[in-house]
Amino acid sequence: MQLAAIASNGDLSGSVSTVPIDAGTPRALGIACAETTCRVIVTVEAEGRGELYGFEWRPSGSARPVRLSGLGSPGAAAVAPILRGNAAYVGDERDGQGLVRRLSLEW
C-alpha cells in the first residue's frame, strides 16, 4: 500500500511511501493523523480469510505492519475500521452474524 502526506492546499507534500502488506491484499483502512505521525489500521484479505494489521506511519520513516487480529470472514475485510484515540472499531462476522468489535491498542 502507498501513503503520502498532503499539504493544506491538497498538493502532495514530500514523497510517496510504500508500506508492504505481505500477508495478502489490503481491502480497507482507517487512519488517524497527528502533526507528524499517522496511526493506520488495515483490513487484509488473504487466502480466504480476513485479517487486521496496524502500524504507525511517518512521512520520513519506514512502517512495520503488525498483525493485530483475525477476522471472522474474508468479507469482513471490506469494512473500513475506525480509529478513535487508542481504540479501533472493526466490522466482523462470527457464526453468520455481523458485529462490531472494539480493540484497545497500545501504540
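Quick check: net charge around ALA63, other residues with Cβ under 15 Å of its Cβ, Lys/Arg +1 and Asp/Glu -1?
+2
Can you give me the P(r) profile for the chain? Cα pairs, bins 10 angstrom wide beginning at 0, each as a whole percent.
15, 46, 30, 9, 1
Given labels modelled 7 Å from the Cα in the Cβ direction, how far is it in nm from VAL16 to ARG64?
2.6
Roll a 1.4 Å probe over the protein chains and send me the accessible area per residue for the range 1-62 in Å².
57
Work out the length of the dipole vector of the chain about its Cα centre, built from +1 on the beta-carbon of each Lys and Arg and -1 on the beta-carbon of each Asp and Glu, and round it to the nearest 20 debye.
My answer is approximately 180 debye.
Near the amide H of VAL19, under 5 Å away, which other amide H atoms are found, from residues 5 or more places off or on another chain, if H is placed in the peptide plane?
Under 5 Å from the amide H of VAL19 lie the amide H atoms of GLN2, LEU3, each far enough along the sequence or on another chain.
Under a 5 Å amide H to amide H cut-off, with H placed in plane at 1.01 Å, what residues pair with SER73 once short-range neighbours are removed?
GLY50, GLU93
The values are calculated or read from the model by the stated rules, or taken from the named source; none is laboratory data. Predicted model, so just to flag it, every value in this text is computed and none were measured. Positions of Cβ are backbone-derived with ideal geometry, glycine not excepted, and every protein chain shown enters the neighbour counts. With ligands, DNA and RNA removed, areas are computed over all heavy atoms of the protein, side chains included. Shrake-Rupley method; radii C 1.70, N 1.55, O 1.52, S 1.80 Å.
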